[in-house]
Amino acid sequence: MKKGFFFSLDGFMAITLFILILVSMYLFFINSRSLDQQYYFSEDLFDVFSDVKISELDYSTYGTVFDFIVDRKINDTDLTISEQIIDFALAENNEDAAAFIQDLTNGLFDNRFGVAFELQDEIYSTASERNALVARRRLLSG
Amino acid sequence: MKRGQFWYSDFVIGFSILAIIGLLFVSAMVDISLRNQDTRDIFGEIISISNNLRSSGYLPYEWQDGNGRIGLIDSSRVNFTKLTLFQDLDYTKKSKVLLGTTKDFVFYFENKQGMRLVEYGNNGFFGDPAINDMNSIKADTILKFTRFVFLNGQIVKMVVVMWE
């Protein structure tokens, strides 16, 4: 082989590299997604949970909440949703806190989205795989 | 000639193929970029409108005169008085102007079972009076943006739909 000659194997490798770069650029353009929807989901849930009292909920829609009231796991329906979650968590009753949150949020998110709640530890989560994550924090009292 | 060696004519053919692929790629990217720009414009407006609708608004009894700012939600709860006042507004001359958009939109409420609450508005829809079904929206670009609100004892979705 003479020095500086160009062989078909080199050409093949070059074109493969070229196509790979084009495909990755194309995929980057196609797959670049905004996280605004997730941001507003979390903000709105914080707002609703902080504003709405348990006594305002329609118990025929939220069966678990109704059961908790009947079973006296929820004693004060004048508490807001977030205050009740904190009460459960302070009593180290994450299981009821998770069931409470699930009852309230079930059906609100389509399959593309998951939701998780943390106080000190994670107390509720629906998604096992997280490709893009938006976390919002608020100071709550209860 | 050695086996596998690359010649001038091969180079010309190869280069032509690469140039064609490159041109096709550039035109595809330009097309995607233009479409993305349109989508970004609508997306910016849909977020802005959803923020307004989910706020308390300002001077609701003066919306009819073109004053104030449209907002339907007080402390996460849907205010039915404001919703009725909004519904009574002229869509083109008042609603779109007060919300600061030139694009068409509707919004509706959907419960956790995914059912549109048809007892409110025009078969459940507020905004463009020509729309009483999602299938009646004919457009190349249709975007949806969802917010959570509290309505009649339930946490529901307020879905804003905008198109161009």
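What follows draws every value from the coordinates through simple rules; no lab data is involved. Since the structure is predicted, the reported quantities are computational estimates derived from the model, not experimental observations. Cβ: placed from backbone, ideal geometry, glycine included. Neighbour counts: every protein chain shown.
Provide, as a two-decimal number, the C-alpha radius of gyration of the stretch A:36-125 over 2.2 N^0.38 Å, N being how many residues it has.
So the Cα radius of gyration is 1.05 times the expected 2.2 N^0.38 Å.
Counting only Cβ charges, +1 for Lys and Arg and -1 for Asp and Glu, the dipole size of chain A around its Cα centre is about 1420 debye. Within 10 Å of the Cβ of each residue in B:12-25, the mean number of Cβ atoms contributed by other protein chains is 2. Helices assigned as whole DSSP H runs in chain A whose Cα atoms extend at least 24 Å along their own long axis and whose mean Kyte-Doolittle hydropathy is 0.5 or higher are found at A:8-31.
Here the mean projected area of the convex hull built on the C-alpha positions of chain B is 14.8 nm².
Which order do peptides B:31-43, B:86-98 fall in by mean Cβ count within 10 Å, highest first?
Per-residue mean Cβ counts within 10 Å order the peptides as B:86-98, B:31-43.
Of the residues A:Ala89, A:Ala99, A:Ile123, the one whose Cα sits farthest towards the positive end of the charge dipole of the stretch A:36-125 is A:Ala99 (charges of +1 on Lys and Arg Cβ, -1 on Asp and Glu Cβ, taken about the Cα centre). Given their separation in residues at 0.36 nm each and the Cα-Cα distance between them, A:Glu56 and A:Ser24 gain 6.4 nm when the chain is fully extended. How many percent of DSSP beta bridges within the protein assembly as shown run antiparallel, rounded to 5? Of all bridge pairs located within the protein assembly as shown, approximately 95 percent are antiparallel.
Taking a point 7 Å out from the Cα of A:Asn131 in the direction of its Cβ, none of the residues of the stretch B:38-77 has a backbone N less than 19 Å from it. Per-residue mean of other chain beta-carbon atoms within 10 angstrom of the beta-carbon, peptide B:32-39? For peptide B:32-39, the averaged partner shielding equals 1. For the residues of B:146-159, the average number of beta carbons from a partner chain within 10 Å of their own beta carbon is 6. Taking every alpha-carbon pair under 8 Å whose residues sit at least 6 apart, the stretch B:8-163 reaches a relative contact order of 21 percent. Placing unit charges on the Cβ atoms only, positive for Lys and Arg and negative for Asp and Glu, gives the stretch B:8-163 a dipole magnitude near 460 debye about its Cα centre. Kirkwood analysis of the protein assembly as shown, using all unique Cα-Cα pairs, places the hydrodynamic radius at 23.3 Å.
Each Lys and Arg contributes +1 and each Asp and Glu -1, all at the Cβ; summed about the Cα centre of the protein assembly as shown, the dipole is approximately 1720 debye.
May I ask which of A:Lys53/A:Lys73; A:Lys53/B:Lys82; A:Lys53/B:Lys144 have a Cα-Cα span longer than 24 Å here?
Table pairs above 24 Å Cα-Cα are A:Lys53/B:Lys144.
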